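Every read-out reported here was derived from the displayed coordinates using simple, explicitly stated rules and does not represent laboratory data. What you see is a predicted model, and the numbers here were worked out from it, not measured in a lab. Here the Cβ positions follow ideal geometry from the backbone for every residue, glycine too, while neighbour counts run over all protein chains shown.
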Amino acid sequence: MSLPGIWTGKRICVGCAPAHTHQKLFKEFEPMAGSQANTSAAAGQLMAGKRGLIMGVANNRSIAWGIAKACASQGAEIALTYQGDALKKRVEPLAADLGTKLVLPCDVTDAPSIDAVFETLKQEWGRLDFLVHAIAFSDKNELDGRYVDTTEKNFTQSMLISCFSFTALAQRAEKLMPDGGSLLTLTYYGAEKVMPHYNVMGVAKAALEASVRYLAADLGRTGIRVNAISAGPIKTLAAAGIADFRYILRWNEYNSALRRNVSIEDVGGAGLYLLSDMSRGVTGEVHHVDSGYHIQGMKNEDAPDITVVKSEDT
């Protein structure tokens, strides 16, 4: 497989060599004067000819936007969705930046609304190669406090929007993927461990991760792959609903393996991999992009102590 752009400027050592040759080998790899490391993949054609639907872009800080940029930079043709006029005003300029012609309204709680999106894709494209589901919701008031106090109404709504909507999309995407494709959703570590101020969203994300595995098993026979990215905390519009989010960001930075938080570009690169043919043998996976926070068993020994300051200002 040709990978134009992705590895431009990179130097890779593959194979084994006697110990006495290592010093000479790596000295030859030293960067030449004036050279700079690439911080992002150069424009390429990894996704050339592929068409995908990305749902959940709210603004230029959205994780879905990071994935959209990465895919578009590699030649993908993208359709975006929005819910309501307020988000439409934010999404349309971003779509223009990508050269996206299809910007469609969609409410994932309304089956006819979802049907309309896929009917448009069928009429305009005839097929679909990939889909990104970056949609979640829960009542902000019920994320603070105890999970045990969750109401039936919010539990049901959170599960419908944050979990079942992915299955609803998969049901329709399957019909437009006769030659296979890739479905991707976003989850969070709160699905695996108890995280503060996450409550019913943790339960919904756990169900979403289970859905990924069952969908992967069902759709794999037709070549459709289903995966999830478990992203570390990022200051997005959705994060505004989580109390003390600054504390969570700081804790993750101090206690992750890489000692930093991740960016939408970090997640975008992982999304590009999972949506492209680079990952054609990967399905049913939850891929962590969290600077290695999920591997840690306790606070880093060099991490400073920080204090939780209760505040509505996130």
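If the limit is 23 Å between Cα atoms, which of 193/299; 101/235; 140/193; 89/122; 205/235 go over it?
On the way: 193/299 15 Å; 101/235 28 Å; 140/193 20 Å; 89/122 25 Å; 205/235 18 Å.
The pairs that break the limit, which is 23 Å between Cα atoms, are 101/235; 89/122.
Other residues whose C-beta falls under 10 angstrom from the C-beta of residue 183 contribute a net charge of 0, scoring Lys and Arg +1 and Asp and Glu -1. In sequence order, region 105-111 has phi-based couplings of x, 7, 10, 6, 8, 10, 4 Hz under the Karplus curve 6.51 cos²θ - 1.76 cosθ + 1.60, θ = phi - 60°, and Gly or Pro positions carry x. Projecting the Cα atoms of 126, 114, 245 onto the charge dipole of region 45-291, computed from C-beta unit charges around the Cα centre, puts 245 farthest toward the positive end.
Charge dipole (Cα centre; +1 on Lys/Arg Cβ, -1 on Asp/Glu Cβ; no other charges) of region 45-291 amounts to roughly 400 debye. Packing, as the average of other Cβ atoms within 10 Å across residues, places the peptides 80-86, 142-148 in the order 80-86, 142-148, highest first.
So how do 90-101, 260-271, 291-302, 180-191 stack up, highest first, on mean other-Cβ count within 10 Å? Write down the numbers at each step before the final one.
Numbers: 90-101: 15.1, 260-271: 21.4, 291-302: 12.1, 180-191: 23.8.
So the order, starting with the most tightly packed, is 180-191, 260-271, 90-101, 291-302.
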